[in-house]
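The values are calculated or read from the model by the stated rules, or taken from the named source; none is laboratory data. In this text, all values refer to a predicted model and were calculated from it rather than measured experimentally. All Cβ positions, glycine included, derive from the backbone under ideal geometry; neighbour counts span all protein chains shown. SASA here: full protein model, heavy atoms, side chains in, ligands and nucleic acids out. Shrake-Rupley method; radii C 1.70, N 1.55, O 1.52, S 1.80 Å.
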Amino acid sequence: MSGPDAGSPVPDIFDPRQYALGIPHDRYRHLRDHHPVAWQEEPEVLGWPAGPGFWAVTRHGDAVRVLKDSSTYSSYLGATQIRDPDPADLPFIRRMMLNQDPPHHRRLRTLVSRAFTPGRVDRFETVVRERARSLLTRAVTEARDGDGTCDLVTQVTDDYALLNLTDLLGVPDSDRGLLLHWTQRVIGYQDPDEAGTPTLGPDGKPVNPRSPASLRDMFAYAHELAAHKRQHPADDVMTALATDPELTAPELEMFFFLLVVAGNDTVRSAAPGGLHLLAQHPDAYRRLCNGEVAFATAADELLRRHPPVLTFRRTAARDTELAGARIRAGDKVVVFHASANHDERVFPDPFTLDLSRSPNPHISFGDGPHVCLGAHFARLQLRALYEEMCRALPAGALHSVAPPRRLVSNFINGLKSLPVRVPNA
């Protein structure tokens, strides 16, 4: 441990309920300063069983080291969620690219990269921009016809993220609601508003939403859609995956799962978080709308301040040491992205929203072999949304009317509502 107060109590940053109140930045800073790799207890919460505990990594340099060193910190051994999967489900969960290590991970990433090319993504920019303009125009119009307020999450960003993803994948309009349902079920499982009452297994414990039984309907749909794409090919990601001779049926299932859930929720979480920051910082929003900063640079600063993912877990493959902590083989090691993104050792004035910040080595899309494959598409969507927001609500016209409602989750940095006031035209 380090710092003059190394013997001070270690604050809890595990309990997902605290994240509904806001990111615990005061606790993160205490850990960065005094316990940069800190042991966290893992008690029973919200009906989910207790776990063995884990090491929380809160400094930027240590986080990058963990994310880059897959031979020491494995995604495969225990997968990438804080909660341990049921041992019976682990072989299944390990089939996903996210839960593999090189060299097997490299093969799968190469396969899906063929479908997720920058060229294919860039061709969607016009559609993405028109969608942002349409959704914002409708929300502003409805607000002016009503009580003068709108909810940017329920009226704009949820649909924006979902419809952009389904266009890229090639999902028919009639099936788009299924993707949102699956995302809420898998990502929002800790939040009763998102997941509802958990399904209980024969032992009376909640069934993991990532278990084979819970994903059966999603996988059946993936195969139906793939069969359709083979008969009716188009310029979309599912056609590319369905017609790739090197991709097995189980790999297709897991790619569909990964793209639907991660592809949707990355932007679904980042977009309203960025808009909320702009509403809180009118001077920064004015500079953005007046063209004083580049939208691409601004998007990265908004991602730094509001990363879509809060945590990713690794498992120590061997005994090691990190920031003075002796980590044993088999221990869980969890990177806290929002803490790393606000590390004073790397980011000057980290709580200042500097839309022109450069360099900006945030880890909102991860680092190392698992850096987000869809980062290019996510940035394109966020940039277009912020540009169209400046047109829909110019500088001085974006105001929050109430704090956002946040997701109960120690994994996804989600907002469930973001009410804003719309001035008269």
Any chance the stretch 388-397 includes a residue that's of a type outside the set (Lys, Arg), open to solvent by less than 20 Å² (accessible area, probe 1.4 Å) and not in a helix (DSSP H, G or I)? yes
Looking only at residues that are buried (at least 21 other Cβ atoms within 10 Å of the Cβ) and at pLDDT 90 or above in the stretch 241-255, which one is farthest from Asn99 (Cα to Cα)? Ala242
Tally up the residues in the stretch 295-324 that are over 19 Å from the mean Cα position of the chain (by Cα), among the hydroxyl-bearing types (Ser, Thr, Tyr) and more than 19 Å from Ala384 (Cβ to Cβ), please. 2
Residue that is more than 18 Å from Phe312 (Cβ to Cβ), touching a strand residue (DSSP E or B) at 6+ places or on another chain (Cβ under 9 Å) and in a loop (DSSP other than H, G, I, E, B), where the choices are Gly51, Gly78, Gly22: Gly22
Here is a list: Leu67, Leu31, Leu77. Which entry is of a type in the set (A, V, I, L, M) and touching a Gly at 6+ places or on another chain (Cβ under 7 Å)? Leu67
Which of the residues spanning the stretch 291-313 are part of a helix (DSSP H, G or I) and of a type in the set (Val, Ile, Thr)? Thr297
Open to solvent by less than 20 Å² (accessible area, probe 1.4 Å) and among the basic types (Lys, Arg), is that true of Lys416? no
For the stretch 43-55, indicate whether the set of residues that are over 22 Å from the mean Cα position of the chain (by Cα) and crowded, with 17+ Cβ neighbours inside 10 Å is non-empty. yes
Of the residues Pro404, Pro361, only one is within 25 Å of Asp26 (Cα to Cα), modelled with pLDDT of 95 or more, surrounded by 18 or more Cβ atoms within 10 Å (Cβ to Cβ) and over 14 Å from the mean Cα position of the chain (by Cα); which? Pro404
For Ala294, indicate whether it is under 30 Å from Val112 (Cα atoms) and either crowded, with 19+ Cβ neighbours inside 10 Å or modelled with pLDDT of 95 or more (or both). no
Determine if the stretch 60-80 includes at least one residue that is under 30 Å from Gln155 (Cβ atoms), open to solvent by 30 Å² or more (accessible area, probe 1.4 Å) and hydrophobic (A, V, I, L, M, F, W, C). no
Among the residues of the stretch 8-19 satisfying the criterion of being in contact with an Asp or Glu (Cβ under 9 Å, 6 or more places away or on another chain) and part of a helix (DSSP H, G or I), which is surrounded by the fewest Cβ atoms within 10 Å (Cβ to Cβ)? Gln18
Looking only at the stretch 263-282, which residues are open to solvent by 20 Å² or more (accessible area, probe 1.4 Å) and under 28 Å from Val112 (Cα atoms)? Gly263, Thr266, Arg268
Out of curiosity, is Asp151 free of Cβ contacts under 8 Å to residues at least 40 places away in the same chain and over 26 Å from Ala226 (Cβ atoms)? no
What about Ala375, is it among the aliphatic types (A, V, I, L, M), free of Cβ contacts under 8 Å to residues at least 12 places away in the same chain and surrounded by fewer than 20 Cβ atoms within 10 Å (Cβ to Cβ)? yes
Quick check on His25: is it farther than 21 Å from Ile412 by Cβ, open to solvent by 30 Å² or more (accessible area, probe 1.4 Å) and modelled with pLDDT of 90 or more? no
Within the stretch 314-337, track down each residue that is surrounded by fewer than 23 Cβ atoms within 10 Å (Cβ to Cβ), of a type in the set (Lys, Arg) and not in a loop (DSSP other than H, G, I, E, B). Arg326
The one condition in (1) polar (S, T, N, Q); (2) under 23 Å from Phe365 (Cβ atoms); (3) at pLDDT 90 or above that Gln190 fails to fulfil: (3)
Count of the stretch 95-126 residues which are surrounded by 15 or more Cβ atoms within 10 Å (Cβ to Cβ) and either of a type in the set (S, T, N, Q) or assigned to a helix (DSSP H, G or I) (or both): 12
Of (1) touching a Gly at 6+ places or on another chain (Cβ under 9 Å); (2) open to solvent by 10 Å² or more (accessible area, probe 1.4 Å); (3) aromatic (Phe, Trp, Tyr), Tyr285 satisfies every one except (2)
